[in-house]
Structure formats: structure tokens, C-alpha cells
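Every number here is computed from the coordinates shown, using simple stated rules; none is lab data. Values in this document were obtained by computation on a predicted structure and should not be read as measured data. For neighbour counting, all protein chains shown are included, and Cβ atoms are generated from backbone atoms with ideal geometry for every residue, glycine included.
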Amino acid sequence: MYAVKSMFKKNAILALLAFVSILLLQMNLFVEAKPKPQTPAPARTQTPKTDPAFEKAKKELPEDLYIGYRIVERLARANKIDQTPWRLAIVDEYNVNAYATEINLIAIYTGLIDQLQGDVSALGFVLAHEMAHHVKRHNAIGPAQQAALKEKIQKEAEEQVNQEIQSANNEAVGTTILGGAAQVIGGLFGGWGNVAGGAVGQGTTMMAQDRVARGQKRVEEIVKEKTAELEAKIAEQSRTYEFEADEQGYKYMATAGFDPEGCMRAMTVLGRVPGSETDTSHPAVPKRIAQLEELMAQYPAKDLEKQGELRLKTIKPLSYAPSKDGKTLRINSVPGGGGGDPFDRKLSF
Ligand SMILES: [Zn+2]
């Protein structure tokens, strides 16, 4: 009896288990039959997908050139300075420097890349600074401004020299110092060859010769002073350009979404180069840091970043090719890139 009862109980339990299993199975089926939830996959924690164009570049280009290309093309696109091509060169030398030269050519030394290795935001600032020199036409207007400055200072020197000669003439009767004035001025900034020969005229007396010698010495002093004045003015102008390139460079890099603190990290490295504490053709690094701090407060990086976002999302990565100069990488413009035949691409006949 006990055994029967037990058997019955066992069967009842088995039946119950079977029922529950079916029920669970149905529930599972039911759940599976439901449409998949529409919420997006948790992509934020995943590594962002690299654009195939960049994947190709990574395989094709040497590492340093690839880094430079990625930064320059991003800065160009985000800031709409992508309407004409850029040229990029990596100079294989351990020098902590970069420069803008020729037409739209940006060069960066491997020494600086090494010092900022992997810090794309710091490198972003360096390259943005050099691009800014080109956009602001510093290389284009610099020589013309220097020539104008030289002319102005030369004129001032001429006037001063003429005055000195005039007063020497007044004192030393019988000399023709004035006749040498043109040659003296001709020698300004360009050497001293003509001064001695031109200043001493015929019929000079001993006393007059002495005055002439003193007059010449004075002229030499004036030229020396004026040359120093010219050099100081040129350096001052160059420092103005540097401040402008820092300001524009900061705006470019922040608009392209780089970390604004990258500017400071680049400056930290530059600040360790001997001589960086004093004004030369470049402002002293502490002054550049002070300006950047002010700019960051005045133009918050988050606001600038928003301005570049849409362009970066909608404009395809800029393509590249070896430049016809045979030595640099050309980063193509938006109108000039796109592959294939430009006529087929842009015109319909
Ligand atoms: Zn510069």
C-alpha cells in the first residue's frame, strides 16, 4: 500500500514536472517569438570603428606619416580649410620642432613626434599652429612686410647720416664728404665696402681728414644702430605671427575635437628646449602658455567642438597621394579629391 501510494506520488510529481517543463518551453518560445528589442547595442564601450579609408591609409603609410595625415585631414575638414590641398613632410631628425614653409607645406621633425608620441591632441595643436601660419598668409606677407620695414629704417638712417655728413661738411671746409653719402647709404645693411672710399674727397686737409674719420665713425654707428633696430622689429613681427598662429591653432584643434589640454602638453615639451624662456623670433614659452590659457577661457573648447562636428560627420575623409614635389604627402582638397577622372566626376558634356 505504501509502495502503491508512493508510486502514485512519484507519477504525480513526474506529471507535474512535465507540465511545468512544457509551460516553461512555451514561455521560452513565447519570449523568443517576440520582436527583438529596438534599443541599440551597447556600442559606447566598444572600440569605435575606423573608416575603411583610414584602415587603408594605416596599411599604406609609414607610421609617422599616417599620424600626420590623420591629424591634418581632420583639422582641414573640421575647419573648412579643405578647399585646397595640403602638403605634409616628416623630417627624420631628432629636433623638437615643426614649421610651415613653401606653399601649404607643413613639416614636423621626428624628434617632436617622439616627444609627443601617441598624444594626438598635442600633435594636433602643433600641426594646427603650422596650418594657421599658412592660412594667415604669414609666409606670403612676411617678406613684403620685412622689405617695407627695411625701407623705412633705411630711410631714417639716410636722413640721420645726411645730417651727420652735413654737420661734418660745415665744420671741415674743403672736403667733399657729401659726395660719399650716396655710397654710404648704398652700403647700409649690405656691407661697408663703399664708406671709406666715398667719404674722403680731394684736397682734404689734415684737420678735415680727422673730421671725416669721425664722421665716418658716426655713420658706422648709425648703421649699426639701425641694423639692430631692423632685426628687433623683424623679430617682434615674427612673435606677433606666433601668437596669431597659437590662437588660430588652438581654435582649429578644438574645433576638430582634440583635447585642448594637448596645447599645454606641447608647450611643456617646447618649454624644455634651451632658450625657450626668452623672446627670440618666437615669444617666450611662458607667454605663449598664458595666452593659451586666456583663449581657453574665452573660447571654450566644447563650444568650438560643436562647430566642427557636423562637418566631420558629413564630409568624407580627405584622400591623399604623393605630391608632385616628389618629397611630401599631398592631402587632397574636397573639390580635388574623390578619385577617378575629375572631368567625369564633375562635368557632364
Ligand atoms: Zn610658428
Across the stretch 297-302, in residue order, what do the Karplus-derived ³J(HN,Hα) couplings come to in whole Hz, using 6.51 cos²θ - 1.76 cosθ + 1.60 with θ = phi - 60° and x for Gly and Pro? 6, 6, 10, x, 4, 5
Past 21 Å, Cα to Cα: identify those pairs from Lys150/Lys233; Lys59/Lys306; Lys59/Lys316, in the order given. Lys59/Lys306
Specify which residue in the list Met253, Ile234, Met264 is farthest towards the positive end of the charge dipole of the stretch 217-277, using unit charges on the beta carbon of Lys, Arg (+1) and Asp, Glu (-1), about the Cα centre. Ile234
Cα-based convex hull volume of the stretch 199-349 per residue, rounded to whole Å³: 261
If the label point is 7 Å along Cα→Cβ of Ser281, which residues in the stretch 81-113 have backbone nitrogen under 12 Å from it? 98-101
Quick check: net charge around Lys136, other residues with Cβ under 10 Å of its Cβ, Lys/Arg +1 and Asp/Glu -1? -1
Output the peptides 115-122, 244-251, 53-60 sorted from most to least packed, where packing is the average of other Cβ atoms within 10 Å over each peptide's residues. 244-251, 115-122, 53-60
How big is the stretch 66-172 in terms of Cα radius of gyration and Dmax, in angstroms? 22.1, 72
In the stretch 84-143 the DSSP beta bridges are antiparallel at a rate, in percent to nearest 5, of 45
Label-to-label distance, nm, for residues given as Lys59 and Glu159 (7 Å Cα→Cβ offset): 6.9
How large is ³J(HN,Hα), in whole Hz, for each residue of the stretch 62-76 in order, when computed from phi with the Karplus curve 6.51 cos²θ - 1.76 cosθ + 1.60 and θ = phi - 60°, using x for Gly and Pro? x, 3, 5, 5, 4, 4, x, 4, 4, 6, 5, 5, 5, 4, 5
The stretch 281-348: relative contact order in percent, alpha carbon pairs under 8 Å with at least 6 residues between: 17
Long-range HN-HN contacts of Thr328 with modeled amide H, under 5 Å: Ser323
Long-range amide H contacts for Ala284: which residues qualify at under 5 Å (H placed 1.01 Å from N, peptide plane, sequence gap of 5 or more or a different chain)? Asp279
Amide H neighbours of Tyr320 under 5 Å, at least 5 residues apart or on other chains, H built in the peptide plane: list them. Asn332
